[in-house]
Amino acid sequence: DAGITQSPRYKITETGRQVTLMCHQTWSHSYMFWYRQDLGHGLRLIYYSAAADITDKGEVPDGYVVSRSKTENFPLTLESATRSQTSVYFCASMGLGGATEAFFGQGTRLTVV
Amino acid sequence: AQSVTQLGSHVSVSEGALVLLRCNYSSSVPPYLFWYVQYPNQGLQLLLKYTTGATLVKGINGFEAEFKKSETSFHLTKPSAHMSDAAEYFCAGLNDEKGRRALTFGSGTRLQVQP
């Protein structure tokens, strides 16, 4: 199916564990993003990628790692989960140039206990 | 870089009343501005966007927004609220400088529609 999909939709993990959130898009968009959504903060950018093998930090990157070996995939890894990383995570993609609309996945609700 | 401020974290209106959600931006470059809507347990959906040209932008579901450079504002309006409009609304600006491209979001406004 065309679009942008995130998996899993829901995840509960323990403090200290590594967890990876997956994001896949079928449009071959150059740009991909990871945001976290927390009450009162809106969406904050964690990492973004301008193309395969090009990634850069956003506003709140600490504790997260990303990779982008293929254009269509942009996984986000929490190396050692903390309770403060309990959040809803959204992946998004965007094209180049005048294609300024970002398309969002359905989100992953992560709870760290 | 673009920053976006939404005034009012919660707005409550009666069904049929005017909806007004406020957004102000700050930028040293001409802005690209967006309104997104989020229904419960869903991702964000684009309502409308301003890039260049006409300052009154019409979007889906009867929403519109006016870009006012003199006021650095991009407020979202709808003449008559429906129950189905209850959702969270986000204003966003596109930062697009030196190869860095990403949306910066306001903190969101939750719209309640009372019967």
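The values are calculated or read from the model by the stated rules, or taken from the named source; none is laboratory data. In this text, all values refer to a predicted model and were calculated from it rather than measured experimentally. Cβ: placed from backbone, ideal geometry, glycine included. Neighbour counts: every protein chain shown.
Could you please let me know if A:GLU79 is of a type outside the set (S, T, N, Q) and closer than 21 Å to A:VAL112 by Cβ? Yes, satisfied. Among residues of the stretch B:30-70 being surrounded by 12 or more Cβ atoms within 10 Å (Cβ to Cβ) and of a type in the set (Val, Ile, Thr), the one that is nearest to the chain's Cα centre (by Cα) is B:VAL37.
Filtered by the rule that a residue be in contact with a helix residue (DSSP H, G or I) (Cβ under 7 Å, 6 or more places away or on another chain) and in a strand (DSSP E or B), the stretch B:1-47 gives B:VAL19, B:LEU47. Across the stretch B:72-115, the qualifying residues are those that are of a type in the set (Val, Ile, Thr) and more than 14 Å from chain A (Cβ to nearest Cβ), and the one among them that is farthest from B:ASN61 (Cα to Cα) is B:THR72. Within this structure, B:LYS68 passes the test of being of a type in the set (Lys, Arg) and either at pLDDT 95 or above or on the phi < 0 side of the Ramachandran plot (or both). If I go through the stretch A:56-88 residue by residue, how many of them are over 28 Å from B:GLU88 (Cβ atoms), surrounded by fewer than 18 Cβ atoms within 10 Å (Cβ to Cβ) and without any contact (Cβ under 8 Å) to a residue 40 or more places away in the chain? Looking only at that region, the number is 4. Just need a number here: residues in the stretch A:1-28 that are away from chain B (no Cβ under 11 Å) and assigned to a loop (DSSP other than H, G, I, E, B). Number of matching residues: 11.
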